[in-house]
Every structure is written in structure tokens, then in C-alpha cells.
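First comes the structure, then the notes that go with it.
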Amino acid sequence: MDGWARVAHRFSGYYRSAEFWQPPRLSRREWMFIPFGEGAPLRHQSFSSMDDVRSFLLQRPTHSCFYSTAYWKRPFEAKMADKSWLGADLIFDLDGDHLPGVSDRDFPGMLALIQEQAWTLWSEFLEPEFGFKEEHLHVTFSGHRGFHLHYRDPTLVHLDSDARRELVAHIRGEGVDVAGRFGMYKDTNARGWSRRVREGVASTVATLQGITTGDTTKEDIKRLHDGVQRRRAHEGRTAGPHSVAAIRKLADTLSDPRRAERLLEGNFNVLKDGPKILFADLVATDASIVLGAAGETDEVVTIDTRRQIRWPTSLHGKCGLRVSTLPLSRLNPDRPGAYDALTEAVVFGTEVDRRMEMTVDDAVFGLHGRNIEASTGDVVEVTEAEEVFLSLKGWARKVT
């Protein structure tokens, strides 16, 4: 069998014995399946039971499985206009490849960062500021580079895209006037964005000072630059300094401890107009959450009321890990017993009994507690699960 056929056979074996998770209101969901190889996605599928889903998957093992975040009166209709929209879950998609300056070549590091972001989204935004309740929350590991927070409050399923966009704008910190209202943010009892900006000023000053002392790495500087670029793109702004050189120049300005101290005391005018705007963007970027994009228009998944999302208990076709549900408490990375995707989402063999040759540079990976660093040409000894992972990501080829 060729590569795709081997992986499809393994996927089929998993689906034959898996305990499937059932979406609420199963019969109102539209399903979509992506086949292995070059075939077109199969959409507009509808099922009345999980037995029907299993039967479908055993007849044609698929690369990836999705179901709709929306509820439809007739999900099987081929035209969206004929489906009759009934509502949609609120979905917050946090994906590691959207984090500024982060590469999934360091797969464990990327997952650690995005899990931290997912917990921050809930603990600092959704619960305290929007009043969301844990009883309506469903948390999943996406199976690859992030986490999904599904919120299913019956009173919110009818929110349209504009209402959902307001939630996203607040989380992103869009329109937060850091420079113009800095004095108001000094209150130590402040909450919400007032508190975030106050804390973000101190964090950003320390990061910028680290550039001149060598404590801030080139990767950190790239992350700062990418974050500002993303923020400005979302807000449709192009004017003002935002290059790496401008960030380094701002860092040089704050290398003077007296100037930095005045800034921390609230004297924002210690900076000239251009650097002041750049500093404000860096502060807001530091305190915001980056939500996963839904497509080429960069509309986030939360806004899309017709979105397809990966089905929990299915396998992710880009790495072979399981899309998995987890309790909210285990999303907190600082809590004992925090969720470990690289162990708990593994479904294939864990015995080191095969070899692969790397085809990419500077890759960091490893499942079930293993840590492997390798580059092009290196031959690594791996498990079945790691072989599937590397094959699907295109990072290595099997050594015969």
C-alpha cells in the first residue's frame, strides 16, 4: 500500500473500535468529510445516529471529519439557502499557527503557548467579563495545533454575526485607546482592559529593555513585530512606525532607566508621537487574545454562524492525533493534572520500532513524553504514532 492507503487503513482500524462522541441535536447538524488524496470534500451529509456515522466511516475512511456549529432544519440540502438556519453555537478557536512569531516546527512549545492562551480566554474574558457559565461550555483539543471552546447557551444560539463580532472585538482589544487614556489605566483596582493595559505597560517596558540587554531574543522581537502587524491589519491602519528597526529604536529609548520609570509612572508623553503609537500597539497586543481565522478573509471562526468544526473523537488528518474533549479545569496549564495533548490524544502504537528520515529542518516533536529534535537527513527511531504524525505533516519519510 502507498502512504495514503496505509494511513487510511490505520484510521479505519481506529474508527472500528472508537467510542464516538455525539453532538447535541445530532439530526440538526450538517457533516463534512475530507477524503485522503485529491478528492473533493463531501458535504451536506446528515445522520440520525452515531451508528450511521460509524458505518459511513468504515465504508470510506476519511482524512478529516467535521460537523456544523450551526443547527439546520434540513441539513441534508445541497444549497445553503434551503437548509433553514436555526441557530449556532458560539465557537472560540485558538490555533497555534496564528500566534505571532510562533512556528509549529516546535510542536510541544507551540501547544503549550496556545493552551495558555485558551485558558486565559476563559478565565480573563469569557467568564468574568461576559458572565459565561461552565455548564454551557464544551472544551476540545483540536487534534493538531490548538483548542476549541464551544459555548452552547440556548439564549445565545440566535446571535447574528454582528453581535458575535462585538465579542471578538473586545477580546482582541480593538479600539482600546492605550495612548489617549493611559492615565485612566493606572488605578490598581481597575478591571478588564483597564487592568490589562496597566499590567501590559510594565510587561512591554521590561520586554523592550530586554532587547538592549540581550535578554529578549530575536524570536521574541519577531513575535512583537508580527503581533503589531496583525493588530494593525485587523484595524485597517497602515500609518506609523511598526518595523523591527522601529521596535529596536523604541527599545534604545527605554534603555534610559529614568525615561522608562517616567513611563511606568504614567507620563506617556515621554515618548514622541510615532514611538507612542508603536508602544500602545505593543501593549494592546501583549494583552489581547489571538483567535483562529476562518478563511482567506480572516474572519474569525466565532463570527461565522455556518462554520464547520472538527468532530470530537475523530482523528485529525494533518497529524493523526484525536480531537479530544477535556474538563475545563484541565485546560489550566498551571494546575496539577493539566491536559497533555501529546500523551492523551495519541491513539496509535507507542513502541519505538521503526525509522524515518527527516525532510525538514529544526523540528521538535515527540509523543508520550518523548522529545526529539531533528533536521533534514537525520534518521530517527520512532513509534507508530510518531510515524503517522511525521508522515501526515510531511516532515519525514519512511526508511525501508
Where does helix 161-172 land angle-wise versus the long Cα axis of the chain, in degrees 0 to 90, nearest 10?
-> 50 degrees
For Thr238, Thr359, Thr400, ascending order of other Cβ atoms within 10 Å (fewest first) is Thr400, Thr238, Thr359
Considering the Cα trace of the stretch 354-398, what is its radius of gyration and what is Dmax, both in angstroms?
-> 9.0, 24
Can you list the lysines whose alpha carbon is less than 19 Å from that of Lys83, not counting same-chain residues fewer than 8 positions off?
-> Lys73
Taking neighbour counts of Cβ atoms within 10 Å as a proxy for exposure, in what order, fewest first, do Phe76, Phe141, Phe268 appear?
-> Phe76, Phe268, Phe141
Cβ-based exposure ranking for Tyr67, Tyr14, in which fewest neighbours within 10 Å come first | Tyr14, Tyr67
Rounded, prolate or oblate: pick one for the stretch 75-139, where a ≥ b ≥ c are the square roots of the eigenvalues of its C-alpha gyration tensor, a/c under 1.5 means rounded, and failing that, prolate if a/b is larger than b/c, else oblate.
-> oblate
Mind running the shape call on the stretch 93-222? Use the C-alpha gyration tensor, a ≥ b ≥ c as the square roots of the eigenvalues: rounded below 1.5 for a/c, prolate if a/b tops b/c, oblate otherwise.
-> oblate
Quick one: check the C-alpha center-to-center distance for the stretch 2-61 versus the stretch 193-238, whole angstrom.
-> 43 Å
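Is the shape of the stretch 22-83 best called rounded, prolate or oblate, per the rule: a/c under 1.5 gives rounded, else a/b larger than b/c gives prolate, else oblate, with a ≥ b ≥ c the square roots of the Cα gyration tensor eigenvalues?
oblate
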Computed on Cα atoms, the radius of gyration and Dmax of the chain in angstrom are 23.1, 70
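Every number here is computed from the coordinates shown, using simple stated rules; none is lab data. Since we're looking at a predicted model, the values are computed, not measured. As a convention, Cβ positions derive from the backbone with ideal geometry for all residues, glycine included, and neighbour counts pool all protein chains shown.
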